[in-house]
Each structure stands twice: as structure tokens, then as C-alpha cells.
């Protein structure tokens, strides 16, 4: 299942957005309803009620334009969340993408929840970054 968030305009330069996204220590403020948070710059571990324990690791960074995370959970084979950052003069555009490797029938059941999560995540990132400016 492949999903994309809405594209959001962030009132900050692409370097600032990339700097915050490429450090997992910042993600606690973006992810709703988490427990047992532990993080380093390149990875974080947390628990989401109803989902379980999740490990999130930065797998790839392209300076000022993208950050890709691999997520591990015992219930789902593979989850990839990536963020694309596009420079737009003194602002930038941010889009989140998610690829989840699960059976089709399960994908249809969880698709609305994953879409909502992805949209909420980019909106929280936007608000956090703009509040720091």
C-alpha cells in the first residue's frame, strides 16, 4: 500500500526542515499518543497503543531534499516513511510518503488510519518548525 500526504508549505528554508527531520530526537513531538520513547540522532523506539513497539531508523538522507525511514514492528513486515522537501525561495514544500507491505485485505481496512496519520505528521512538522522560526 502506497500513500502520500497532502503537500504543505512551510515558512522555513529547506535546510532547516531537513535538519529537524534528519534527527530522530525531534520526532517525539510529531508522533501522536506514544509511550516508552527512546531516541538517538539516527533511530528511535516507541510504543503506540493498539499497534505495539516500533523501531524507526533513518535509512537514507539526501541533503536538503529527502529523509527516508524504515520502521519495524512485529505485526507488519515493512513500513517505509519518506519525506520530500522542495525548495521554494525562502519557504519549502513538504510531502510525506508511506509504503506498507501488508496483505491487500488488511491494507483496505487500515488505509484511512494510515492516511490520517501521514497528514497529521506533516502538519505537526510544519507547525513545530514554524513555531521555532
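Just so you know, all these numbers are worked out from the coordinates, no wet-lab data involved. A quick note: this is a predicted structure, and the numbers were derived from the prediction, not measured. All Cβ positions, glycine included, derive from the backbone under ideal geometry; neighbour counts span all protein chains shown.
Sorted ascending by nearby beta carbons within 10 Å, beginning with the fewest, 104, 27 become 104, 27.
Among 97, 74, a tally of other beta-carbon atoms within 10 Å of each Cβ gives an order, fewest to most, of 74, 97. Shape class for region 38-106: prolate, because the ratio a/c of the largest to smallest gyration tensor axis (alpha-carbon atoms, square roots of eigenvalues) is 1.5 or more and a/b beats b/c. Size descriptors for region 92-133: radius of gyration and Dmax over Cα atoms are 13.3, 43 Å. For region 2-132, the alpha-carbon coordinates run over 42, 29, 24 Å along the three principal axes, in decreasing order. Region 24-87 and region 98-128 have Cα centres lying 13 Å from one another. Using every pair of distinct Cα positions in region 1-70, the Kirkwood expression returns a hydrodynamic radius of 13.3 angstrom. Over the chain, dividing the summed -39,500 (n - 2.57) contributions of all DSSP H runs of at least 4 residues by the number of residues returns a 222 nm mean residue ellipticity of -9500 deg cm²/dmol.
Working from Cα pairs under 8 Å separated by at least six residues, relative contact order for region 2-132 is 30 percent.
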